[in-house]
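Taking it in order: structure first as structure tokens, then the write-up.
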Amino acid sequence: MGQSTSKLVRWWINRSIDKSIGESPAGKPDWKIVDSPNWPDCVPEGKDVKIQETEAGIRFVRTPENRFKNLPEYPFEPHYALIDGLRMHYVDEGPKKGELVLMLHGQPTWSYLYRKMIPPLVAAGFRTIAADLIGMGRSDKPLDLSFHTYELHVQRLKKFIETLNLRDVTLFCQDWGGLMGLRIVGDQQDVFARVAAANTMLPIIPRGMNPFLVPNPVKINCELGDFVKPQVSSSARSVFISNFQKWILYALTAPNFMSSQVVNSMALNKLTPEVAAAYDAPYPSMIYKAAVRTFPSMIAAIEDQNASAWKALGKFRKPFLFLGGKRDLSGQGSEANQKRLTKHIPGAKGQHHERFDAGHFIQEDIGETLATKIIQFFEKNAAET
């Protein structure tokens, strides 16, 4: 990747998070990471981008609306919630009094990933909400890399759920949407009626044992080209750590990081040029990409803060379903990960957990099938909730 781990340093622990953004719970440390003051000439930076600022001083950009016109299979009207002074976008389709499905995406995608799942769920009578995490999709995009930490994104999602007064939620979550969503289920079980997870996990790392390192400050590496599908030759933990470390570095430092390249490499169905452009639509230039660049690095700040949520999930008796992609190169869809969750969560007992010929972005590969499985999940468990 053009950089050695000897040149990396652990993120500086920032224990005085701005009150306007929010504090990490229970005094847990947060992390601060910054961009190099100047980007090199290889960065394809847009000109005349309007930078806005919240009352609390959070600087952000907002993707121009014309970037979202005529996206393939995405005719949905935008809705917004105000979270910490920032607009958080969500799709809200179907009857307002219908049973609720909340769908959370990961990195580097946005609610466009759910375009194949929304129509069948709406046709079946469900209210279907697909949120864009702050910094992604049609949501506002803070400029500071340090804005994007795992703990603070968890808290923002909790605020989103509270702002919309969502109750009796059936959660569908994948990738980082699951790392955050499962944490919130553990913390706030009363909000949720059911959970369907796909290609995701809830990590717990012993304190002081996190193996991941992050460059600080972040310097763009002009030698990095397009994203290349990772070569997985072993399931060994050391190989996973090495591959994910490379992914952290690539996302942070590649001068032309493109969401569509990642989806194209990690899903089985190859994207048409129009669909690829839709995945890239929220990010016209580097200034819009702080979140998609930083999310992989957030793993470096995860230790044991999920332990209480994991313990609570061990008592979660509401219906829990895991749907895995057999060809998920991230490992989150693996049979071992599926068993880890379904053996731990009591509500998984008796559910029809399945595995599919699909990649990491399982919604892209078999979105309509997943919608059918969720509808069946509702039908099977209607009396149990």
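Miscellaneous remarks
- Contour minus Cα-Cα distance for residue 96 and residue 163 (0.36 nm per residue): 22.6 nm
- Max mean-square fluctuation residue, GNM over the chain, Cα-Cα springs under 10 Å, options 264, 306, 38: 38
- The residue among 358, 255, 306 whose Cα reaches farthest toward the positive pole of the charge dipole of the chain, with charges on the beta-carbon of Lys, Arg, Asp and Glu, is 306.
- Residue order by solvent-accessible surface for 353, 105 is 353, 105, largest first, with ligands and nucleic acids left out and a 1.4 Å probe.
- Ranking 297, 242 by solvent-accessible area of protein heavy atoms (1.4 Å probe, all protein chains present), from largest to smallest, gives 242, 297.
- The charge dipole of the chain, taken about its Cα centre with unit charges on the Cβ of Lys, Arg, Asp and Glu (plus for the first two, minus for the last two), comes to roughly 940 debye.
- Disulfide-incompatible cysteines by the Cβ rule (no partner under 4.7 Å) in the chain: 173
- Between 0 and 90°, nearest 10: helix 237-253 axis offset from the chain longest Cα axis: 60
- Degrees separating the helix 335-344 axis from the principal Cα axis of the chain, which is the longest one: 60
- Contour minus Cα-Cα distance for residue 38 and residue 228 (0.36 nm per residue): 65.8 nm
- Of all the options 350, 94, 314, the one that moves most in a Gaussian network model of the chain with Cα springs shorter than 10 angstrom is 350.
- Between residue 368 and residue 79, the contour length at 0.36 nm per residue exceeds the Cα-Cα span by 101.7 nm.
- Semi-axis lengths, Å, the range 182-308, gyration tensor of Cα atoms, sqrt of 5 times eigenvalues: 27, 21, 16
- Over all orientations, the range 98-236 has a Cα convex hull whose mean projected area works out to 11.3 square nanometres.
- Relative counts (whole %) of C-alpha pair distances in the range 234-333, using bins that are 10 Å wide: 12, 31, 36, 19, 2
- Beta bridges from DSSP with both residues in the chain: antiparallel share about 40 percent, rounded to the nearest 5.
- Helix 362-381 and the longest principal axis of the Cα set of the chain meet at an angle near 30°.
- Over the chain, the Kirkwood radius and the radius of gyration, each from Cα atoms, give a ratio Rg/Rh of 0.93.
- Cα gyration tensor category, rounded, prolate or oblate, for the range 279-370 with a/c compared to 1.5: oblate
- Sequence-distant lysines (8 or more away, or on other chains) whose Cα lies within less than 30 Å of residue 50: 19, 32, 69, 141, 158, 159, 219, 289
The values are calculated or read from the model by the stated rules, or taken from the named source; none is laboratory data. Values in this document were obtained by computation on a predicted structure and should not be read as measured data. Backbone-built Cβ (ideal geometry, glycine too); neighbour counts: all protein chains shown. Just so you know, the surface numbers come from the protein's heavy atoms only, side chains and all, with ligands and any DNA or RNA stripped out. Shrake-Rupley method; radii C 1.70, N 1.55, O 1.52, S 1.80 Å.
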